Amino acid sequence: MRKFSDPLALREYRKSCQESVGFVPTMGALHEGHITLIKQSVKENSKTVVSIFVNPTQFLEGEDLEDYPRKIEADLKICELAGVDALFLPTIDAMYEKDELSIIAPKTKGFVLEGFHRPSHFDGVLQVVLKLLNITTPTRAYFGKKDAQQLFMIQNMVKHLFLNVEIVPCEIVRETDGLALSSRNVYLTPKEREKALSLSKSLKYATKMIMNNNKKSEDIKSEMLSILKETQVEYVEIVDHQFNRLKEVEIGNTIILVATFVGTTRLIDNIWI
Ligand code: PAF
């Protein structure tokens with residue numbers, strides 16, 4: 001596995017790859033969810049590039065930028081074992097100028113749900129993802145469906161800016177008890193982890209209601225909120241694949257989303273119906 005910290009050196013490496021390149025951007029603290037993305041990339045491409053960069057511009061004032069889990073030694077081993085060809089580990093200075101160009105997420109869809117509760121978060125995500133895609137120029141880039149709105153923002157950026165890359169959405173990976181994998185799960189105490197199960201339980205219950213033909217968003221949201229009552233809910237929302245709010249679930253075109261605090265840890269989860 002080759003390692004690069006210089007963006008231009010990675011670009012030279014990329015030029016030397018004649019065939020398809022898959023790219024998995026991450027912020028490190030890799031878990032089974034990331035490994036699934038990497039494995040899919042390894043399967044579908046001749047070469048796989050993974051980046052590990054805790055991007056400061058997507059964290060808001062007071063968020064966990066300093067505390068974000070960093071496990072570089074373990075991450076290196078995981079990448080090696082998973083068959084990664086090149087690992088990109090840039091410094092902040094290598095990625096950003098002092099007087100930096102900014103990108104603003106679309107004014108409506110970029111500022112609802114996650115974008116409402118974390119204003120300017122998507123500006124930072126799009127800024128770094130655009131840089132990473134420009135450095136790596138991959139054939140395909142892999143993103144998890146757990147960050148559903150991030151995935152939607154990136155798909156839109158690729159479309160609007162005519163970027164030459166295929167965005168591949170990957171399924172959410174869960175613990176056996178339903179908890180969606182997240183690098184932030186390490187913040188949870190055993191008691192909080194118990195409470196955190198209410199996210200996947202609420203989504204499971206929503207699915208059950210839909211199967212029983214109760215597709216009204218208001219009914220589903222109110223049942224979900226009662227399952228989530230021991231957490232501090234930021235939002236429970238039902239949207240179509242374009243992130244328009246739905247009054248009623250449309251089978252094949254719906255995402256049910258939840259964002260909530262369990263203690264001081266902010267967790268998100270969703271299900272695609
Ligand atoms: O999903 C993440 O881990 C990050 O938002 C990403 C896409 C690597 C950009 O920093």
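Values for this structure:
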item	result
Sorted peptide list for 157-170, 198-211, 136-149, criterion being average Cβ within 10 angstrom, highest first	136-149, 198-211, 157-170
The chain: relative contact order as a whole-number percent, Cα under 8 Å and 6+ apart	17 percent
Portion, in percent, of the accessible area of segment 151-222 that falls on carbon or sulfur, probe 1.4 Å	53 percent
FRET efficiency estimate (nearest 0.05) - Cβ-Cβ, Phe116 to Arg245, R0 22 angstrom	0.95
Selected from Pro190, Pro169, Ile255, residue furthest toward positive end of dipole (segment 164-258; charges at beta carbon)	Pro190
Sum of side-chain charges, Glu166 neighbourhood, beta-carbon under 14 Å (Lys, Arg +1; Asp, Glu -1)	+1
Mean Kyte hydropathy of -1.0 or more with a Cα span along the axis of at least 24 Å, helices from DSSP in the chain	190-211
Mean separation of Cα contacts under 8 Å, 6 or more apart, over the residue count of segment 1-119: relative contact order %	34 percent
Per residue accessible area in Å² of the chain, where ligands, DNA and RNA are left out and the probe is 1.4 Å	51 Å²
Volume of the Cα convex hull of segment 1-101, divided per residue and given in Å³	113 Å³
Mean Cβ count within 10 Å, highest first, over the residues of peptides 184-195, 17-28	17-28, 184-195
Residue-averaged 222 nm ellipticity for the chain, from DSSP H runs of 4+ at -39500 (n - 2.57), nearest 500	-11500 deg cm²/dmol
Cross-link table Lys47/Lys145; Lys109/Lys159; Lys146/Lys229; Lys109/Lys247; Lys204/Lys229, entries beyond 19 Å C-alpha to C-alpha	Lys47/Lys145; Lys146/Lys229
Percent antiparallel among DSSP beta bridges (both partners in the chain, rounded to 5)	50 percent
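The values are calculated or read from the model by the stated rules, or taken from the named source; none is laboratory data. Everything numeric here is computed off the predicted structure, so don't read it as measured data. FYI the Cβ positions are ideal-geometry reconstructions off the backbone, even for glycines, and counts take in every protein chain you see. These area figures cover heavy atoms from the full protein model, side chains too; ligands, DNA and RNA do not enter into them. Shrake-Rupley method; radii C 1.70, N 1.55, O 1.52, S 1.80 Å.
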